[in-house]
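Here is the structure we will look at.
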Amino acid sequence: MRVWDIQQGDCMDLLRALPDNCIDAIVTDPPYGLSPDGKARTWDDIEDGKARGGFMGKGWDAAVPGVTWARECLRVCKPGSWIVAFGGQRTIHRLICGLEDAGWEIRDLGAHQQWQGFPKSLSVGKAIDAHHGAGREVVGPNPNSRPNSAGKVRPVWSVRVDAPITAPATDDARKWEGYGTALKPCLEPWTLARKPLDGTVAENVLKWGTGALNIDGCRYGYGDPAWPGPGDGDTKRTSNAGTSGDGWRMGTTANINGGSPLGRWPANVYACPKASRGEREAGCGHLKGKDRVELTGREPGSAGLVGSDGSGNNPYTGANWKNLTRNYHPTVKPAALMAWLCRLVAGQPGSLILDPFAGSGTTGIAALREGFRFLGFELDPDYIEIAEARINGDAPLFNRRGDPTPAPTNACTEGTTAT
């Protein structure tokens, strides 16, 4: 039975309580630091110690962990240990600088490719017409809207049903029609860093059991959609500059040009959808759910909550679910992604993975599925209840990779229980 534990409290206090050199790897999804004014800050930059107004108005998400946090993570990790930490597209540089300044060696920058983000772009042409006080003529309905079974028009993805096609009203707007202010966010970046080695790679691996990436264990099988690059399926693209216009030509088999029968070499990108509703809620059926009002904090019947079609399913509020939500953590990562990352960096079976921001427990699920031990920290006791329910509900999957003997319990896990 795998040893795992989730402790409640501030991660800085809990990190300080750990001894030196006891963690094999850190895999975590910290706050993204989405401050109201758009400025990227770290915890060390906040003068009064309180962040304000992050994702969905959550103060804990208004700044990213800084160098003080990164130093504690470095201290508790064994030499050669890896850290994988996610961040926002606009703020991860602060997280990376904090890790580097603390002494971590930045090794790579990767991405979870998920294709599903909503573009939050301002129409410049419309903004110019509004600036001039000019009304725009409606020239047609939105072609991306469609009626539901009740005959009401519903949006497709991020398209608003109350935004018909309009024509620019001024010369200035015509000049800038089709321009915007943002791209579609279809990836979430993560950074890969390593604690400095104790000697050579070979010496460090033999002494501490850390410092190596599990390349063969993380290869993409041929045709695996987790690899979104050239040569999908049972073919392989080979360099052929001068023959085809883009410098690539489709090969015929997966193993030409020295390709491994185990699959493609793991890259710094992993493509998979966001966690589905079923994945998020698995194991949580006995928990108390929340409705749309509780989820969003909006007033019942408000325009933002009800939606433009009157259905009560406004997709922009995160409240487009008809049933109660039991896993209401706002940033749930897919378990397949986190399992791949745990497998990549944690080393041998039985290694101890730490997630200082355990949230609803996805890293714990992933670590246990891959045969590792797990220690999580989480500030919110409600999220711990969700995480424990999800991990317990996933228990039959713990030994997916067999049942190797766990490493001996050390000071990091004394007092934890096998659950």
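What follows draws every value from the coordinates through simple rules; no lab data is involved. Since this is a predicted model, take the numbers as computed values, not measurements. Note that each Cβ is placed from the backbone with ideal geometry, even for glycine, and that neighbours are counted across all protein chains shown.
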What percentages make up the Cα-Cα pair-distance distribution of region 329-393 when the bins are 10 Å wide from 0?
24, 57, 18, 0
Run the simple label-point estimate for K39 and K175 please: 7 Å along Cα→C-beta, distance reported in nm.
3.3 nm
Set the Förster radius R0 to 25 Å, insert the Cβ-Cβ distance between D216 and D108 as r into 1/(1 + (r/R0)^6), and round the FRET efficiency to 0.05.
0.90
Efficiency of FRET from Cβ geometry, A17 and W115, R₀ 41 Å, rounded to 0.05
0.50
On a 22 Å Cα-Cα criterion, which of the cross-link pairs K39/K126; K184/K290; K39/K195; K126/K184; K39/K120 come out too long?
K39/K126; K184/K290; K39/K195
